[in-house]
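To keep things clear, I will list the structure first and then write my remarks on it.
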Amino acid sequence: MRNKPRSLFAAIAALALVAGACGSDENATSADTVDTAADETVESQAPQVDPDEAEESGEAEAPGEDVVVQMDGEAYDDYIARLYAAAAEEGQVIYYQSSGESELEFIREQWEALFPEVDFEPVTARAGTILERALLEVGTGNTQGDVFGAAGVEMLLLEDEGALADYSPAGLEFVNEDFIFDGPYIGLNYLSRHVTYNTDNVDPAELPSDWLGYCDPEWKGRIGIDAESFEWAAAFIAAWGEEKAREFLECLAANEPVLHRGTTNGTELVNVGEFDIKLDGMGHVSKRFIDGEATIGVQIPHPAPMPAIVDMSAILANSPNPNAARLLQEFWLMQEGQSAMTNEGKATTTSTAEAHPYWDFMEGSDLLVLGPRESDSLEAGLVMFSEVFGNAG
């Protein structure tokens, strides 16, 4: 299994180069420059561990004597209380991730309200950079981070390299079954992809009921797609198989879509009429625009499948603060932890209709969750999207 995830990691790097070639010179940034800056960020924020005291192996180990485990029949609240007491002795939890500052600040507020005796210390860098950092640390027995937050592809790579500790949170009882995965990671929230349109230029009655309808010549030049939307493409492979998915993407390419960079930017381009429809919009971004009275609508009911990308979290092997790491995993699934995500407009893995930030968008949808088990589709989607759209930007 090791060779396939490593090839996927190489493919992700290759896609970044393709996407960079699609951008303008004005916005281009050297990958080396960005990676160096990110490395400096990680170095400045991460706690330092003496390499002489590190373990030789990066393989995950069974919990030590000092790691709190839930006893048979122990009540959830009692377990969390014992876990917090042990985490307070450690004093901090180091969280490796690539989230935005506003989201991290709200997470910190919620965390400190519950667990003030444990410092929440996020370490932020570009997704590829923080992933390489974690792999290097665990592989050399010099683990400095406790918990890693990323998408399913990164989690698969970390798991394959023995870089994740096995922990199943007690809070999984609160999670919807579609977001419970077979692996040492948990789903925190998901980013559902939606067809978004300009309400001044498009009558919703015109929208085709299935994806293949967007191959009709009437949509030529009227469609926008993110230039890095390989996960969106992966959903069609997972649902239909590679042959039909490629036929669909190629017929879309024949309709000359506008390739842009970034979901918020793309939604704004729909809003101002640069193109009429964005096929791979995100629910929480569309909701923000609609609440701001933009000329934006979301197709309801949505063509099947509706892709959903899951943000995930896992404990790093041999983390320096194992009890605090477990406590953070539990926190993500508590109401306070989930509210830190709904505060950003994201749908969470414990969401009910009442708590979902854009439940009306989901009416009649056939949600396709892209988690680690869809690794084959994710890899194929990355390659296929690059091949079909890579030279169109």
## Note on the structure
Checked against (1) at pLDDT below 90; (2) open to solvent by 40 Å² or more (accessible area, probe 1.4 Å); (3) among the hydrophobic types (A, V, I, L, M, F, W, C), Ala340 satisfies every condition except (2)
### Query
Can you find a residue in region 257-265 that is of a type outside the set (A, V, I, L, M, F, W, C), closer than 23 Å to Leu382 by Cα and over 22 Å from the mean Cα position of the chain (by Cα)?
yes
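For Leu131, are the conditions met, namely being farther than 27 Å from Met306 by Cα, open to solvent by less than 10 Å² (accessible area, probe 1.4 Å), out of contact with any Phe, Trp or Tyr (no Cβ under 7 Å at 6 or more places or on another chain) and modelled with pLDDT under 90?
For Leu131, the condition - farther than 27 Å from Met306 by Cα, open to solvent by less than 10 Å² (accessible area, probe 1.4 Å), out of contact with any Phe, Trp or Tyr (no Cβ under 7 Å at 6 or more places or on another chain) and modelled with pLDDT under 90 - is not met.
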### Message
Scan region 284-300 and tell me whether some residue there is surrounded by fewer than 20 Cβ atoms within 10 Å (Cβ to Cβ), modelled with pLDDT of 95 or more and within 30 Å of Gln92 (Cα to Cα).
### Response
no
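Can we say Ala254 is more than 25 Å from Ser375 (Cα to Cα), open to solvent by 40 Å² or more (accessible area, probe 1.4 Å) and of a type in the set (A, V, I, L, M)?
yes
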### Message
For Ser99, only one of the following conditions fails: (1) out of contact with any helix residue (DSSP H, G or I) (no Cβ under 9 Å at 6 or more places or on another chain); (2) open to solvent by 20 Å² or more (accessible area, probe 1.4 Å); (3) not basic (Lys, Arg). What is its number?
### Response
(1)
#### Entry: Cross-chain or 6+ apart pairs with Cβ under 7 Å, region 305-316 first and farther than 19 Å from Tyr96 by Cα and in contact (Cβ under 8 Å) with a residue 60 or more places away in the chain, then open to solvent by less than 10 Å² (accessible area, probe 1.4 Å) and outside any strand (DSSP E or B)
Pro305/Ala235; Pro307/Trp232; Pro307/Ala235
### Query
open to solvent by 10 Å² or more (accessible area, probe 1.4 Å), within 25 Å of Gly152 (Cα to Cα) and among the aliphatic types (A, V, I, L, M), is that true of Leu259?
yes
## Note on the structure
Within region 110-121, residues in contact (Cβ under 8 Å) with a residue 40 or more places away in the chain and open to solvent by 20 Å² or more (accessible area, probe 1.4 Å) come out as Gln110, Ala113, Leu114, Glu121
## Note on the structure
For region 262-272 the number of residues that are open to solvent by less than 30 Å² (accessible area, probe 1.4 Å) and either outside any helix (DSSP H, G or I) or touching a residue at least 40 places away in the same chain (Cβ under 8 Å) (or both) is 4
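The values are calculated or read from the model by the stated rules, or taken from the named source; none is laboratory data. From a predicted model like this one, the values you see are computed outputs, not experimental measurements. With ideal geometry, Cβ positions are generated from the backbone for all residues, glycine too; neighbour counts draw on all protein chains shown. The accessibility values were calculated without ligands, DNA or RNA, using every heavy atom of the protein model including side chains. Shrake-Rupley method; radii C 1.70, N 1.55, O 1.52, S 1.80 Å.
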